[in-house]
Ligand code: 1HN
């Protein structure tokens with residue numbers, strides 16, 4: 001068969017079309033019909049990929065930074081972000097979440113500042129640093145979640161001869177993408193170097209089911225600066241205990257979970273970040289689930305494995321895992337397995353973009 005010979009009308013159309021596309025470009029326009037499948041895929045197609053960083057690699061590198069790189073005004077923090085291989089060159093765990101290991105050496109101080117971005121610290125190991133949040137010194141200990149809500153001044157100081165490292169989580173990529181960020185320096189260093197066991201915020205807000213009558217009805221972010229491991233641990237243990245007695249109260253058999261909430265609203269502790277602790281009993285496996293929005297997990301204690309879109313990897317204490325949107329996740333516990341998880345889910349729920357599917 002001979003190929004069709006273009007008619008003069010067709011070649012003119014083609015020349016006219018080519019000129020049309022050149023003119024679109026010149027006037028800063030892009031037509032939908034060349035882009036539709038990329039703009040609106042049938043299901044999410046994240047650039048971020050599932051990825052695991054091992055604590056055994058993170059900690060020694062942070063310690064080396066501790067020996068070589070001072071902490072002070074300008075850089076502000078000795079925080080080393082995980083960079084998702086699907087987002088090359090960006091200090092982002094996922095398109096919306098920042099996760100970093102931060103290292104503070106003996107007697108070091110990270111100067112006070114504030115920013116629009118919400119932040120928290122989660123302590124895998126060690127203790128002995130105080131984070132001072134709007135003038136309130138908050139002790140950091142293993143298993144604790146410490147909040148630094150957006151626009152609160154905060155600095156850290158280590159009055160001890162031992163270094164300390166922890167996981168920082170922030171909504172930096174989300175705030176960057178939405179051009180919503182502001183930043184301000186605070187006092188140089190941290191003036192209040194006192195070291196109370198309990199912060200003022202915990203003394204006011206840290207009593208289950210009780211709120212001060214004089215406090216504002218609701219605040220967007222939680223006024224409780226510290227969620228202590230002893231409470232988290234007790235809540236998880238009690239869920240499993242109640243389930244073992246034959247009553248409902250856990251997610252799935254052998255899988256307990258708690259969410260850190262704002263005591264003034266019952267919603268997530270931070271407006272942009274969901275924070276949770278999960279406990280999976282040895283030998284149990286969670287159902288495979290995919291969700292819109294992305295998450296980062298850190299193994300707090302125990303060992304097991306995670307399967308991400310069908311690829312299974314062993315997990316050890318301290319491992320940090322990036323889970324992109326719509327990636328199928330299943331966890332299995334070899335020993336009892338405690339995992340901290342944070343995600344951007346509150347944003348997706350507010351915008352009615354949250355979806356979840358069990359396989
Ligand atoms: C920050 O203020 C902290 O306060 C940690 O510890 C990480 C990353 C970027 C910008 C500010 C902290 C940060 C950060």
Percent relative contact order for the stretch 253-347, counting Cα pairs under 8 Å at least six residues apart, stands at 37
What length, rounded to one decimal in nm, is gained on full extension from residue 230 through to residue 218, with 0.36 nm per residue of separation minus their alpha-carbon distance? 1.7 nm
Which order do the peptides 188-200, 339-351 take when ranked by the mean count of other beta-carbon atoms within 10 Å per residue, highest first? 339-351, 188-200
Hydrodynamic calc, the stretch 64-183: Kirkwood Rh from Cα pairs, then Stokes-Einstein at 25 °C with viscosity 0.890 mPa s, so D in µm² s⁻¹ is 168
Rounded to the nearest 0.05, what FRET efficiency do residue 335 and residue 211 have when you use their Cβ-Cβ distance and R0 = 51 Å? 0.85
Can you give me the relative contact order of the stretch 59-217 as a percent, contacts being Cα pairs under 8 Å and 6 or more apart? 26
Angle, helix 55-68 long axis vs. longest principal axis of the chain, Cα atoms, 0 to 90°, nearest 10? 80
Subtract the Cα-Cα distance of residue 197 and residue 29 from 0.36 nm times their separation in residues, and report this length gain in nm to one decimal. 54.5 nm
The stretch 112-177 to the stretch 34-71: how many Å between their Cα centroids? 21
Label the chain by shape, choosing from rounded, prolate and oblate, from the square roots a ≥ b ≥ c of the eigenvalues of the Cα gyration tensor; if a/c is under 1.5 it is rounded, and otherwise prolate applies when a/b is larger than b/c, oblate when it is not. prolate
Relative to the longest principal Cα axis of the chain, at what angle does helix 8-26 sit, 0 to 90 degrees, rounded to 10? 30
With n ≥ 4 as the cut-off for DSSP H runs, can you work out [θ] at 222 nm for the chain, using -39500 (n - 2.57) per run divided by the number of residues, rounded to the nearest 500? -6000 deg cm²/dmol
Full-stretch length increase - residue 247, residue 63 - with 0.36 nm per residue and alpha-carbon distance subtracted: 61.6 nm
Gyration tensor on Cα atoms of the stretch 217-359, a ≥ b ≥ c root eigenvalues, a/c under 1.5 rounded, else prolate if a/b beats b/c, else oblate, says oblate
Label points 7 Å out from Cα along the Cβ direction at residue 116 and residue 282: separation in nm? 4.9
Using only the Cα atoms of the stretch 1-147, what semi-axes does the equivalent ellipsoid have when each is the square root of 5 times a gyration tensor eigenvalue? Give whole Å, largest first. 54, 18, 15
Round to the nearest 10 and give me the degree value, 0 to 90, for the angle of helix 229-244's Cα axis relative to the longest principal axis of the chain. 80
How far apart, in nanometres, would the label points at residue 187 and residue 354 be if each is projected 7 angstrom from Cα along the Cα-to-Cβ direction? 3.9
Using only the alpha carbons, work out the radius of gyration and Dmax of the stretch 227-270 in angstrom. 11.7, 34
For the stretch 280-359, convex hull volume per residue from C-alpha positions, Å³: 77
For the stretch 223-264 and the stretch 95-110, compute the distance between their C-alpha centroids and round to whole Å. 27
Nearest-0.05 FRET efficiency for residue 15 and residue 289, computed from C-beta distance (R0 51 Å): 0.45
Run the numbers on the stretch 20-114 and let me know its relative contact order in percent, using alpha-carbon pairs under 8 Å that are six or more apart. 24
Compactness ratio of the stretch 58-117: Cα Rg over 2.2 N^0.38 Å, N = residue count? 1.22
Can you work out the FRET efficiency for the pair residue 176 and residue 107, with r the C-beta to C-beta distance and R0 = 25 Å, to the nearest 0.05? 0.15
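Quick note: the coordinates plus some simple rules give every number you see, no bench work behind them. All of these numbers come straight from a predicted model, not from anything done at the bench. Glycine gets a Cβ as well: all are built from the backbone with ideal geometry, and neighbour counts include every protein chain shown.
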